[in-house]
Amino acid sequence: MFKLNDELNEAISRIKPAMVATADKEGRPNVSPKGSLRVLDEQHLIFADLLSPQTINNLKENPHIAMIGLDPATRKGWRIWGKVDEIATSGDLYDQISKEYAGKGKVNHIVKILVEKSSLF
């Protein structure tokens, strides 16, 4: 079972936005920036979907996801591969994140990702 370490947690919180890659069931790719990506616990990340219908449609068809964060000044960053655990439209976590993003628009979904692999570079 994969666990996020402190160095990776810090890099994810510092480098924004993350670029999130998904693919539909036929393999057509989509990449979307996610400024809301954050660590939920030692195995999961989450992000809020405000305006990403293609990302959500792809994840409903194909739960595999890849993410990258790059600091252009240092050329250092991180990569994560995982699988979507949940796409939430209600519940405590959804309510909490919706309140945080109230001034930025409606949160349509909260996506919870089980991290399977990572690398720092």
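All of the numbers you see were taken from the coordinates with simple rules; none came from a lab. What you see is a predicted model; the values in this text were computed from it and never measured. Note: ideal-geometry Cβ built from the backbone for every residue, glycine included; neighbour counts use all protein chains shown.
Taking the Cβ of GLU61 as the center, what net charge do the other residues with Cβ under 12 Å away carry, scoring Lys and Arg +1 and Asp and Glu -1? Display every interim value, and only then the final one.
Working: positive: LYS25, ARG28, LYS60; negative: ASP24, GLU26.
Summing Lys and Arg as +1 and Asp and Glu as -1 gives +1.
For region 6-120, compute the number of Lys pairs whose alpha carbons are separated by less than 21 Å, excluding pairs fewer than 8 positions apart on the same chain.
Qualifying lysine pairs in region 6-120: 28.
For the chain, give the magnitude of the charge dipole about the Cα centre (Cβ charges: +1 Lys/Arg, -1 Asp/Glu; no others), in debye to the nearest 20. Intermediate results must be reported in sequence, preceding the final value.
On the way: 17 positive and 16 negative charges, 85 e Å.
About 400 debye.
Which is the longest run of the chain containing none of the GluC sites (Glu not before Pro) found in DSSP loop states (not H, G, I, E, B) with at most 14 other C-beta atoms within 10 Å?
For GluC sites (Glu not before Pro) (loop position, at most 14 other Cβ atoms within 10 Å), the longest site-free span of the chain is 43-121.
Please give the net charge around LYS16, taking every other residue with its beta carbon less than 11 angstrom from that of LYS16, where Lys and Arg add +1 and Asp and Glu add -1.
The answer is +2.
Longest exposed-loop-site-free stretch of the chain, with trypsin sites (Lys or Arg not before Pro), DSSP loop and at most 12 other Cβ within 10 Å?
26-74
For TRP81 and MET19, calculate 0.36 nm times their separation in residues minus their Cα-Cα distance, and state this gained length in nm to one decimal.
21.1 nm
I need the Debye-formula profile for the chain: one equal scatterer per C-alpha, no solvent, reported as log10 I(q)/I(0) at q = 0.16 1/Å, two decimals.
-0.74
Once every DSSP H run of n ≥ 4 in the chain is given -39500 (n - 2.57) and the sum is divided by its residues, what mean residue ellipticity at 222 nm do you get, rounded to the nearest 500 deg cm²/dmol?
Computed ellipticity for the chain at 222 nm equals -6500 deg cm²/dmol.
How big is the gap, in Å, between the Cα center of region 32-64 and the Cα center of region 82-108?
Using only Cα atoms, the two centres lie 10 Å from each other.
Between ASP85, ASP24, ASP71, find the one with the highest GNM mean-square fluctuation for the chain; connect C-alpha pairs within less than 10 Å.
Sorting by GNM fluctuation, first place goes to ASP71.
Give, in nm to one decimal, the length gained when the segment between LEU50 and ASN108 is fully stretched (0.36 nm per residue of separation minus the Cα-Cα distance).
Stretched fully, the LEU50-ASN108 segment lengthens by 20.3 nm.
Can you figure out the FRET efficiency of SER90 with ASP41, using R₀ = 25 Å and their beta-carbon distance, to the nearest 0.05?
Numbers: r = 20 Å, r/R0 = 0.80.
Computed FRET efficiency for SER90 and ASP41 comes out at 0.80.
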